[in-house]
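Laboratory data are not the source of any read-out in this text; all were calculated from the coordinates shown. Predicted model only: the values in this text are computed from it and were never measured. Here the Cβ is made from the backbone with ideal geometry for all residues, glycine too, and neighbour counts use every protein chain on show.
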Amino acid sequence: MSTAVRNSAMNAVTKSMLSRISSSFSKDFKSRNWSVYGQWLGFSCFPVCIALGVVNLLHVSLIIIFSIIALVQGLLVVFLEIPLFLKICPVTERFASFLRVFHQNLPRAGFYIIMAAIQYGGIAIKATSLIACAVLFTITSFSYFMAYITKQEFVESAALGGEGVERELLP
């Protein structure tokens, strides 16, 4: 197979994937469901927590504790918001049952506000960029709380693995 044919096939696959992601992303935001918005915001917490957690490890103060907590929070969030990771990564039944607790909008709102409160607590030691994690957790909590108040069903984002239907039970 020539290089030109191989590159053409790769470009077609890439365009197809990007088209599907763009289509489902658009569908998600047209759904007007706060829990879908919350899932996207929660998913965006993952890279922010990981990046800022690593950067703030360079401080020579107690803020290192909050940096480590931010790293753990980022990993928790990715397992919570993308259930595919629970299926492909070996996790204990205890961890999976812990995540089952957050299968509705109100418990998720509580989860994220607690995560935010922990990071806001780091301000008592030193104001750092970890405040961005706390603010993003707060906005995510607000989104899930709005879904609860407006009595919207908890649904999963089509772009993040669901089809806008209720999430399957976790393993």
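Quick notes on this structure:
- Potential lengthening between Leu84 and Leu57 on full extension [0.36 nm per residue; Cα-Cα distance subtracted]: 6.8 nm
- Cα shape, region 32-149, gyration tensor, a/c 1.5 rule: oblate
- Relative contact order, percent, region 47-98 [alpha-carbon distance under 8 Å, six or more residues apart]: 29
- Value of relative contact order over region 32-149, rounded to a whole percent, pairs C-alpha under 8 Å and six or more apart: 37
- Thr92-Ile65 pseudo-label distance in nm [points 7 Å out on the Cα-to-Cβ vector]: 2.4
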